[in-house]
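Take a look at the structure set out below.
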Amino acid sequence: MIRMFERHKIRSVAEMDGMWDFEPATGSAGRLPRRYRTRMHVPGAWESHPDFRTWRGRGYFRRAVHCERDGAIRLVFKGISHTGVVYWDGKKVGRHYNAFTPFAIEIPSVQAGAHTLVVEVDNTFGPHSALHIPNDYYCYGGLTRPVAVESIGDVFVERILATPRRQGRDWSLDVRIDLKNIGRKPFFGSLDVAVAGKTVGRPFRIGPRKTAELAETLRFTDVAAWSPDTPILHTLGVTLRDGEGRACDDLIERVGFREIKIKGRKILLNNREIKLRGFNRHEDAADFGCAVPVEVMTQDLDLMTDMNANFVRTSHYPNDERFLDMCDERGILVWEENHARALMADTMKLEAFPKQIADCDREMVINHYNHPSIILWGVFNECESFTALGRRHYEASVKRIRALDASRPLTSASCYPEKDITLDLFDIVSFNRYVGWYGGERDRIRPELDKLLAWIRKDGNGNKPFIMSEFGAGAIPGWRAARRTKWTEEFQADLLGASLDVYLNHPRVNGVALWQFCDVRVCEEWFHSRPRCMNNKGVVDEHRRPKLAYDIVKSAFDAAR
Ligand code: ADA
């Protein structure tokens, strides 16, 4: 399953979930193996296989693909961790870096019959990888998100970007449709756009090997809006017709009529103030690594809802679209962020960094643009926001993301009070603080927050909304002790209870995202001193088994509703 809803009624799509051949790479890159001794499930992480639990290297995935007819195909990869080089019938046809953003490769003329798809996957660290670095989350290897092969015409609908705009009780919907012609001939045709009971059609022409961008605005007087309480989604279908009016391609999106605005220190959704209470969630599950099955995603959202949360931060990278689809369906609000945790000057100076972060910014926004649940974009987490070099990269990402999406506010999670020089770039100020865990005592939680807010005011950003974007404590699952000392579940419950009591009731705090939803594996190269080589600050463990803090969080979020 590649998405939680049907994206095509005309275009044929073959999903590639299932068993693929696998062979670890021993030779130089690009030398495809002659034999494959292992079979692995896709999507999946190779660390789930007994022979590859700690494999950091390269490996080849292979599978046969049968094409029903002559014509063009489109290979769709939702996530390869962390680099994939794609070969079709032995010929290199594309390459992509970053596990957390999707990409597609069109192959213009393929004959009907049997073909071979091979993907060389690399999850090694080094100067070639500026975003996937040894970190406080694990960098898995594999085809970790779904793969599909689409059968397309020379001209097809590449993407739809829909922007709802509220006008009093009425709405408009700006629809941008990106078309692509990979053929040698010009194409004359028409497009039908159908959404919420309205249909508009228009002719278009697109030259050979060109792209085209068409825009339509539709107006609605009585359309049902999207909100956390009423997460109503509308299907938006685009049908592409040839010169004789025959339907030859289509693409279906889902839209939610909702608007996010910042008004002074308030965050408004459809002109009503919202307060956020939720979790930071890594994509990581005990036996699956970052290839979290949709059943576990469902369970995660069920558990968050059970704890009365309305908010999730995709720490620290763009998430699986099926998870975002479910947040749309459930009315869970999302802070989605680009892929950047604790990247400092040494990483930012890598030759690979500027392009890799720019690709991530762009691919995150254009692929996740239509999700109404995403209410804000996060830019960098605890990166070098206190130097001129760092500020240049923060500014570049902010400018890039704002140019792609003017409809959502931006924020950034900082951990550098009194040093950060980037707060002015953002619409919402967010900070990560671990008072009572990494330093200070529980009774300092409120004074430290007031001190931070005073500095933010002095820094000229006191008139913006404020989110406590991280706070928490570690607890070894199952370790209970009457002395309630660090690493016990009791300590974590006590500290989270004290923190939530301050943060959820402070008038200047618009929202909280506690660290973190579940325990996750960390890179041994980075933080081998973490117990179990895990980040143990989850409210549930890696198997989603609740810790003592679960009920503390549940009642605190309930009281804050
Ligand atoms: C930081 C960081 C998180 C995690 C956390 C922790 O705030 O943003 O990714 O590493 O610390 O557990 O210490």
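The values are calculated or read from the model by the stated rules, or taken from the named source; none is laboratory data. Everything numeric here is computed off the predicted structure, so don't read it as measured data. FYI the Cβ positions are ideal-geometry reconstructions off the backbone, even for glycines, and counts take in every protein chain you see.
Residues checked against (1) over 30 Å from Lys464 (Cβ atoms); (2) at pLDDT 95 or above:
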| residue | (1), (2) |
| --- | --- |
| Ile262 | no, yes |
| Gly278 | no, yes |
| Asp287 | yes, no |
| Val292 | yes, yes |
| Asn308 | no, yes |
| Tyr317 | no, yes |
| Asp325 | yes, yes |
(message) When you check Asp178 against the structure, is it free of Cβ contacts under 8 Å to residues at least 60 places away in the same chain and either surrounded by fewer than 18 Cβ atoms within 10 Å (Cβ to Cβ) or in a loop (DSSP other than H, G, I, E, B) (or both), yes or no?
(response) yes
(request) Check segment 378-389 and report whether any residue there is away from the ligand (no atom under 16 Å from the Cβ) and not in a helix (DSSP H, G or I). (result) yes
(message) I need a count of the residues in segment 50-78 that are part of a loop (DSSP other than H, G, I, E, B), more than 26 Å from Asn367 (Cα to Cα) and touching a residue at least 12 places away in the same chain (Cβ under 8 Å).
(response) 7
(message) So, in segment 293-321, how many residues would count as being over 19 Å from Val553 (Cβ atoms) and charged (D, E, K, R)?
(response) 3
(request) Please enumerate the residues belonging to segment 418-447 that are within 16 Å of the ligand (Cβ to nearest atom) and in contact with a Lys or Arg (Cβ under 6 Å, 6 or more places away or on another chain). (result) Thr422, Val429, Val435, Gly436
(request) Check every one of the strands (runs of 3 or more DSSP E) wholly within segment 89-139 and list those with 1 or more residues that are free of Cβ contacts under 8 Å to residues at least 24 places away in the same chain and away from the ligand (no atom under 16 Å from the Cβ). (result) 91-97
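Rundown of residues vs (1) within 25 Å of Arg7 (Cα to Cα); (2) small (Gly, Ala, Ser); (3) over 22 Å from the mean Cα position of the chain (by Cα); (4) assigned by TED's automatic domain parsing to the domain that holds His49, yes/no style:
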| residue | (1), (2), (3), (4) |
| --- | --- |
| Phe77 | yes, no, no, yes |
| Tyr87 | no, no, yes, yes |
| Ala104 | yes, yes, no, yes |
| Ile107 | yes, no, yes, yes |
(request) Output the number of the condition that Asp359 fails; it satisfies all remaining conditions of (1) under 30 Å from Trp526 (Cα atoms); (2) under 12 Å from the mean Cα position of the chain (by Cα). (result) (2)
(message) Suppose the filter is in contact (Cβ under 8 Å) with a residue 24 or more places away in the chain, farther than 20 Å from Phe380 by Cα and within 16 Å of the ligand (Cβ to nearest atom); does Trp487 pass it?
(response) yes
(message) Go through segment 180-203 and report how many residues are among the charged types (D, E, K, R) and over 22 Å from Glu106 (Cβ atoms).
(response) 3
(message) Just checking, does segment 361-374 include any residue being within 16 Å of the ligand (Cβ to nearest atom) and either in contact with a strand residue (DSSP E or B) (Cβ under 9 Å, 6 or more places away or on another chain) or part of a loop (DSSP other than H, G, I, E, B) (or both)?
(response) no
(request) Quick one: which residue in Ile467, Ile456 is touching a residue at least 12 places away in the same chain (Cβ under 8 Å) and within 16 Å of the ligand (Cβ to nearest atom)? (result) Ile467
(message) Suppose we filter segment 516-546 for residues that are more than 15 Å from the ligand (Cβ to nearest atom) and buried (at least 24 other Cβ atoms within 10 Å of the Cβ); how many remain?
(response) 0
(request) Find the residue count for segment 498-518, including only residues that are assigned to a strand (DSSP E or B) and of a type in the set (Lys, Arg). (result) 0
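The rows are residues; the columns are (1) without any contact (Cβ under 8 Å) to a residue 40 or more places away in the chain; (2) assigned to a strand (DSSP E or B); (3) touching a Lys or Arg at 6+ places or on another chain (Cβ under 8 Å).
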residue	(1), (2), (3)
Asp174	no, yes, yes
Asp229	no, no, no
Leu240	no, yes, no
Cys248	no, yes, yes
Leu251	no, yes, yes
